[in-house]
Amino acid sequence: MIVIKVGGSVVCKDVSKVIQNLPKYADRAIIVHGGGCLVNEMLKRLGIEPKFLTHPGGLTSRYTDLETLKVFVMAMSWINKQIVASLHALGVEALGLTGADLGVVRAKRKEKVLIVDERGRQRVVDGGYVGRVVHIAADRLKPPPLKVLSPIAVSEKGELLNVDGDQLAFDVAKAVGARQLVLLSDVDGLIIGGRVVPHLTAEEAEELVKSEEVRGGMKRKLLMAAEAAKSGIEVVISNGLVENPIDVALNGSGT
Amino acid sequence: MIVIKVGGSVVCKDVSKVIQNLPKYADRAIIVHGGGCLVNEMLKRLGIEPKFLTHPGGLTSRYTDLETLKVFVMAMSWINKQIVASLHALGVEALGLTGADLGVVRAKRKEKVLIVDERGRQRVVDGGYVGRVVHIAADRLKPPPLKVLSPIAVSEKGELLNVDGDQLAFDVAKAVGARQLVLLSDVDGLIIGGRVVPHLTAEEAEELVKSEEVRGGMKRKLLMAAEAAKSGIEVVISNGLVENPIDVALNGSGT
Amino acid sequence: MATQKLVVKCNVCGTEFELPEDVMDGEITSCPTCGARYIVRIKGGAVSLEEFKGDVEDYGE
Amino acid sequence: MATQKLVVKCNVCGTEFELPEDVMDGEITSCPTCGARYIVRIKGGAVSLEEFKGDVEDYGE
Ligand SMILES: [Zn+2]
Ligand SMILES: [Zn+2]
């Protein structure tokens, strides 16, 4: 089994090459997609101001209130259904899911998060509609049919929750016992010193995370890759915008 | 089998009573929902001007361009996933679908429609992203699990298409051989002369369609009911905002 | 600038007839002799007639 | 108008201590004597202390 995460940068730039390459993997893949770019575009068009929380240590994160969640679910669903419909045209009957469908991805809402408020004081506030995955129904995600999963989970109370797409893809890979996790974005892989790093051991990945060259999303991807490697899952970070991007990723072009 | 159409007026006002009443029908129902009100609200918030086509005879219809379709799919998906997530909280694992998922609802795009243009001349134009249902995969819609279907179909070319919810519910009812089709909206049923009409034969329904008292959406519902009655499906038009609306509908309170 | 006349020929009876100067792609026209109806197709400046079988969809929702 | 003092009592050591006047619901405070940390809860004007186990979620995506 292969879990393929199609990042937002691919979804918003050109997802057609990934879709064209998917039919041959339909019987052994599970797709997880992103789409933060479309979420941001819709929020902007709707005039919804992004809200941020500042955490102790200075890190900030976007606050997902109900209005933002609604836009998140809408945008992700458009992406999900576009992928499913495009696969239909290629003769692949896929099933687009959120975690709420058949309860495939259950999460706990972050009910308490620690922030530093405007006055510089630490405060515990509601974390908004963001979830931490607690259960994946692996059997319901395995093909056939090919499942296309949005980064949306469901809480016990029936709330839809925004979950991190990379993390979800990794959790799904672990739950179904995938051999490979392919992370497709708009770069050729992990680039260190101007060249693509061909392969990394778990230890090397952990070492790199500490370096200055790796930041933000890539840092999280690396941490995950290190953890995945320990679980026996090979993580490939590769470019989703090239011809036959999945073939390329599995033939070892990325990291 | 029972097909339950939850109209947009119920979805946008208060869908909670329908949802509360659903678990007991989970093993023998198929849900089709509407949500035109949310589509309109989103179009307005996004500043998308509605476009209309004028047909020979003077009838006008909304034109669904790609931008409008996108909003349609987004809004319908939010409604769909909210229903599914709420059912999850009640212990019912439901599956939210569009017609593209597993190819359950296939439609033909209205590629040519005849309009009367600004200069009063008849012209054939592209009909936009509106579909006429051509195939329903009945086996994939039957419970278990409970399916919640958005009024969205897929074309051969992989286009998502807006389809009429009432018509879809009727087509689904026919395809699965449903015994009953329950149309839930915000009125108590067909009201003629100030009272709810308790029951109608196909002939009476057809007679009423010709009368002046029945208009627009209700007219179409009646025409459908007449056709359904001929196919052996009992059509109940009932109020979705009351307590236990499905129980009430099946006990013969509506039309 | 001289106005170019748009003359087309009916496939049924062979009558040549003129289209209005401001004709648009998709417009319905009919032969003045036999009444055959056509859809006017304009692609890259070239005008042609397409048989109009009346097989247009009914208006949607 | 006299300012009402917000005095609370530590569940661990019993020390009574004062909260800032502008304290908000959810704010983290600690006992000046034993250092025990609390979440200040303000509901309908009543102030109480909730044990702060540090079990807050990490920041999200
Ligand atoms: Zn002629
Ligand atoms: Zn103390």
Task: Residue list for segment D:7-23, filter: more than 13 Å from D:Y38 (Cβ to Cβ) and away from ligand 2 (no atom under 16 Å from the Cβ) - done: D:P20, D:E21, D:D22
Task: strands (runs of 3 or more DSSP E) wholly inside segment B:51-119 that include at least 2 residues being away from chain A (no Cβ under 14 Å), under 16 Å from the mean Cα position of the chain (by Cα) and basic (K, R) - done: none
TODO: Could you please give the count of residues in segment A:9-64 that are β-branched (V, I, T) and in contact with a Pro (Cβ under 9 Å, 6 or more places away or on another chain)?
DONE: 4
Task: In segment B:138-156, the residues that are under 20 Å from B:S77 (Cα atoms) and in a loop (DSSP other than H, G, I, E, B) - done: B:P145, B:L146, B:S150, B:P151, B:S155
Open item on the list: Quick check on my filter: what residues within segment B:41-50 are at pLDDT 95 or above and more than 10 Å from chain A (Cβ to nearest Cβ)?
Closed with: B:E41, B:L43, B:K44
Task: Answer residue from segment B:120-130, given it is crowded, with 24+ Cβ neighbours inside 10 Å and touching a Gly at 6+ places or on another chain (Cβ under 7 Å) and is farthest from the other protein chains (Cβ to nearest Cβ) among those - done: B:G127
TODO: For A:V182, indicate whether it is of a type in the set (A, V, I, L, M), in a helix (DSSP H, G or I), in contact with a Ser or Thr (Cβ under 7 Å, 6 or more places away or on another chain) and modelled with pLDDT of 75 or more.
DONE: no
Task: Matching option when the condition is away from chain A (no Cβ under 14 Å), in contact with a Lys or Arg (Cβ under 6 Å, 6 or more places away or on another chain) and under 15 Å from B:L183 (Cα atoms), among B:V18, B:V32 - done: B:V32
- [ ] Can you tell me which residue within segment A:131-145, out of those that are touching an Asp or Glu at 6+ places or on another chain (Cβ under 7 Å) and closer than 26 Å to A:K51 by Cα, is farthest from the other protein chains (Cβ to nearest Cβ)?
- [x] A:V133
- [ ] Could you check how many residues of segment D:11-31 are surrounded by fewer than 13 Cβ atoms within 10 Å (Cβ to Cβ) and either within 11 Å of chain A (Cβ to nearest Cβ) or touching a helix residue (DSSP H, G or I) at 6+ places or on another chain (Cβ under 9 Å) (or both)?
- [x] 2
Task: segment D:23-44 residues that are at positive phi, paired with ones that are more than 16 Å from ligand 1 (Cβ to nearest atom) (beta carbon under 6 Å, 6 or more apart) - done: D:G26/A:R123; D:G26/A:V124; D:G26/A:V125
TODO: Scan segment B:81-119 residue by residue and report those that are closer than 18 Å to A:L161 by Cβ, touching a residue at least 60 places away in the same chain (Cβ under 8 Å) and in contact with an Asp or Glu (Cβ under 9 Å, 6 or more places away or on another chain).
DONE: B:V84, B:L87, B:A94
TODO: Give the residue that is farthest from the other protein chains (Cβ to nearest Cβ), with candidates limited to residues of segment C:32-45 that are away from ligand 1 (no atom under 11 Å from the Cβ) and under 12 Å from the mean Cα position of the chain (by Cα).
DONE: C:I42
- [ ] Answer with yes or no whether B:D101 is modelled with pLDDT under 95 and acidic (D, E).
- [x] no
Task: The listed residue being surrounded by 10 or more Cβ atoms within 10 Å (Cβ to Cβ) and at pLDDT below 90, out of D:V40, D:V56, D:V8 - done: D:V56
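The values are calculated or read from the model by the stated rules, or taken from the named source; none is laboratory data. Treat the numbers as computed from the prediction; the structure is a model and nothing was measured. Reconstructed Cβ throughout: ideal geometry from the backbone, glycine too, with neighbour counts over all protein chains shown.
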